[in-house]
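One structure is given below, encoded as structure tokens.
Derivation of every value follows stated rules applied to the coordinates shown; laboratory data play no part. No experiment lies behind these values; they were computed from the predicted model shown. Positions of Cβ are generated from backbone atoms using ideal geometry, with glycine treated the same way; all protein chains shown enter the neighbour counts.
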Amino acid sequence: MTLVFERATVLDCTGRDPQQRMRVQVEDGRIVRIGKADGSVMPRDARVIDCAGRFLMPGLLDAHVHLASTELDEHKEVETPPAVLALRIGKQIEDVLDGGFTTVRDAGGLDWGFKEAVRLGLIRGPRLIISGPFISQTGGHADHRPRTFRPSSEWLSGWSRDSLIADGPAEVRRAAREVLRRGGDQIKVMASGGAASPNDELDHVQYSVEELAAAVDVAHTVSSYVMAHAYGPRAIQNCLKAGVRSIEHGNFLDEETADQMLESGDVFLVPTIITYELLSRLESGNGWTEPNVRKIRQALTGAYDSLGLAYEKGLRIGSGSDVLAGMHRDRGREIACHARVMGAMAAIIASTRTNAELLRLEDEIGTVEEGKRADLIMLNGDPLTDPGLFGEPQNIRMVMMGGLVVKDSDGPLVGLAATQ
């Protein structure tokens, strides 16, 4: 069957202005023709989807998610029955798709089995690019053991907040290989302190250049890369020296470090602002201590300035939400956060074309162009005048992934597929 989107306003995310009254033809899961809706003859078997008054654009990509996060208090997750936890995670994965995100990169904690469940059709979900367990030094950002040792606290959940503690290049190398064994598409390391961790501050530097380089070397053996949690200049500079490709957060980026990122070439910055906006409203409790709340608010103060500096310098800026627990339906609000600094078009491109480049999928997804996979969303309203539209899943009227309609808020098109 051929599916034809007719009279759409196409925002192709190549950087061009929206094109009105367009026809987009989909066959065998791919976009085969884009042209004016000029009344010309349709293919004989075409199913026409009228898009009058609506925008059609690529499916969104989120380059920093934690889909296995179901509780802000991690210890509640450990106490939750595995079956209940799995069902909660499955529901969160489905919500991602309904929000218009057709590809996401999990930044640590999600078991490869959920990726397999999506592939087998057991749950509805986006294309999942997973990092497996985090790699952290002892006492680092992903070392969630309490300071007071109790034998019962030496846990690794296997579902969420799954961490590998490694010290020294040899242990990091072994941990990186373990990540790949567990199905990781890339390797996630913790190169600085973080807001959620109990034992460090945001500006603490974690992992030496030699340790980070060990992870990078392992990633390169399988043509992959390392993504690194890093807030401040020293941590980011260590990552650059080691060959890390994706810098996560970067809230305290300075001009010297931004220049080094630019000189490094194939390096991306993935700001994650909406999570700080949401978490900064919390008070201590529910698993969050006063130091956690303080660090979140500290991170928020630097987030917009760092993004502005990166944009001014011309860095390759992706987009990630980093939302946790009950905030997964808010991930689309990250685009509006970026738009406050970059403008709507650049913010949307960060969440589509640039994220696809980061994930090395730019030949397949990220723009509306002939030959690419038909990952498409249709939405009410003009996202260039109101990027806040992405923050409300009800504005995403239809979602197509690989030529298959997986969400249709207006009619009975779910399950309709453009196949030969």
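Over every Cα atom in the stretch 165-206, the radius of gyration and the widest Cα-Cα span, Dmax, amount to 12.0, 31 Å. For the chain, relative contact order (Cα pairs under 8 Å, six or more residues apart, normalised by length) works out to 20 percent.
Bridging of Lys241 to lysines at a Cα separation below 19 Å is possible for Lys188, once same-chain residues fewer than 8 apart are set aside. Can you give the relative contact order of the stretch 271-315 as a percent, counting alpha carbon pairs under 8 Å and 6+ residues apart? Dividing the mean separation by the residue count of the stretch 271-315 yields 43 percent. Computed over Cα pairs, the Kirkwood radius of the stretch 359-420 leads via Stokes-Einstein (1.306 mPa s, 10 °C) to a diffusion coefficient of 124 µm² per second. Evaluating 6.51 cos²θ - 1.76 cosθ + 1.60 at θ = phi - 60° for every residue in the stretch 349-365, the Karplus couplings come out as 5, 4, 8, 10, 4, 5, 4, 5, 5, 4, 7, 6, 10, 5, 7, 10, 9 Hz, glycine and proline recorded as x. With neighbours defined as other Cβ atoms within 10 Å of a residue's Cβ, the residues Leu61, Leu384 order from fewest to most as Leu384, Leu61. Of Tyr304, Tyr276, Tyr225, the sequence from fewest to most neighbouring Cβ atoms within 10 angstrom is Tyr304, Tyr225, Tyr276. Residue pairs exceeding 26 angstrom between C-alpha atoms, taken from Lys115/Lys313; Lys295/Lys407; Lys372/Lys407: Lys115/Lys313; Lys295/Lys407. Cβ-Cβ distance of Lys241 and Glu312, R₀ of 22 Å, FRET efficiency by 1/(1 + (r/R0)^6): the value works out to about 0.40. Based on alpha-carbon atoms, the Kirkwood radius and the radius of gyration of the stretch 263-388 give Rg/Rh equal to 1.01.
In degrees from 0 to 90, rounded to the nearest 10, what is the angle of the helix 168-181 Cα long axis to the longest principal axis of the chain? Between helix and principal axis, roughly 30 degrees.
Computed extension gain for Ser280 through Val41, at 0.36 nm per residue and net of the alpha carbon distance, reaches 80.5 nm. The ellipsoid equivalent to the alpha-carbon distribution of the chain has semi-axes of 37, 23, 20 angstrom, derived from the gyration tensor eigenvalues as √(5λ) and listed largest first.
For the stretch 265-378, the relative contact order comes to 25 percent (Cα pairs under 8 Å, sequence separation of at least 6).
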